[in-house]
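Computed from the coordinates by the stated procedures, all read-outs in this text should not be read as laboratory data. This structure is a prediction, so every number in the text was calculated from the model and none was measured. Neighbour counts run over all protein chains shown; Cβ positions are idealised from the backbone, glycine included.
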Amino acid sequence: MNICDAVELISGTPQFRIVEDADSNAPVYRFYSQTDLESDLSGLPSAEEVPRKQVRTSDAVNTTSVGDVVFSLLSGTAAIVQAEHAGYLLTQNYVSIVPSECIDARYLVYLLNETKYIKRQLHRGQQ
């Protein structure tokens, strides 16, 4: 079975297409980063030492929700989004993976992180 037949892939929003909004009523989004992904994967809280990149926009953007499976196109690593990172903006460097009902999200993360054959299928599907 091809992994792309069992999941839905939702790519992140390209940063260069996001138009910043000066309206104070527009929502502010923090960017989901590699540090956030690693924190979600380890289950440990991320260090708040570095200022977070954020944007105020009224554009429709893809954001994270608790329990989402996020795959980093930079590192080839997947994680399940924890409550700490819910509502963060996903850029073009990340893909949200929605598994079908027959696949447990935790098992999917295990497959993506530990199986090279599955990673190749995912990369092939993205192109």
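How much length is gained on full extension from residue 10 to residue 80, taking 0.36 nm per residue of separation minus their Cα-Cα distance?
Details: separation 70, 0.36 × 70 = 25.20 nm, distance 1.47 nm.
Contour length minus the Cα-Cα distance gives 23.7 nm.
Hey, got a sec? Which GluC sites (Glu not before Pro) in the stretch 49-104 land in a DSSP loop and have at most 10 other Cβ atoms within 10 Å?
The qualifying sites are 49, 101.
Taking amide H atoms as placed 1.01 Å from N in the peptide plane, list the residues 5 or more away in sequence, or in a different chain, whose amide H sits under 5 Å from that of residue 94.
Placed amide hydrogens put 12, 73 under 5 Å from residue 94.
To the nearest 20 debye, what charge dipole does the stretch 25-127 have about its Cα centre, counting +1 at the Cβ of each Lys and Arg and -1 at the Cβ of each Asp and Glu?
Once rounded to the nearest 20, the dipole reads 400 debye.
Hey, if you put +1 on the Cβ of every Lys and Arg and -1 on every Asp and Glu Cβ in the chain, which of 9, 19, 39 ends up farthest toward the positive end of that dipole?
Sorting the options by dipole projection puts first 9.
Given only helices, namely DSSP H runs of n ≥ 4 each adding -39500 (n - 2.57), what is the per-residue ellipticity at 222 nm of the chain, to the nearest 500 deg cm²/dmol?
Computed mean residue ellipticity for the chain: -7500 deg cm²/dmol.
Calculate the FRET efficiency for residue 58 and residue 38 from the Cβ-Cβ distance with a Förster distance of 30 Å, rounded to the nearest 0.05.
0.50
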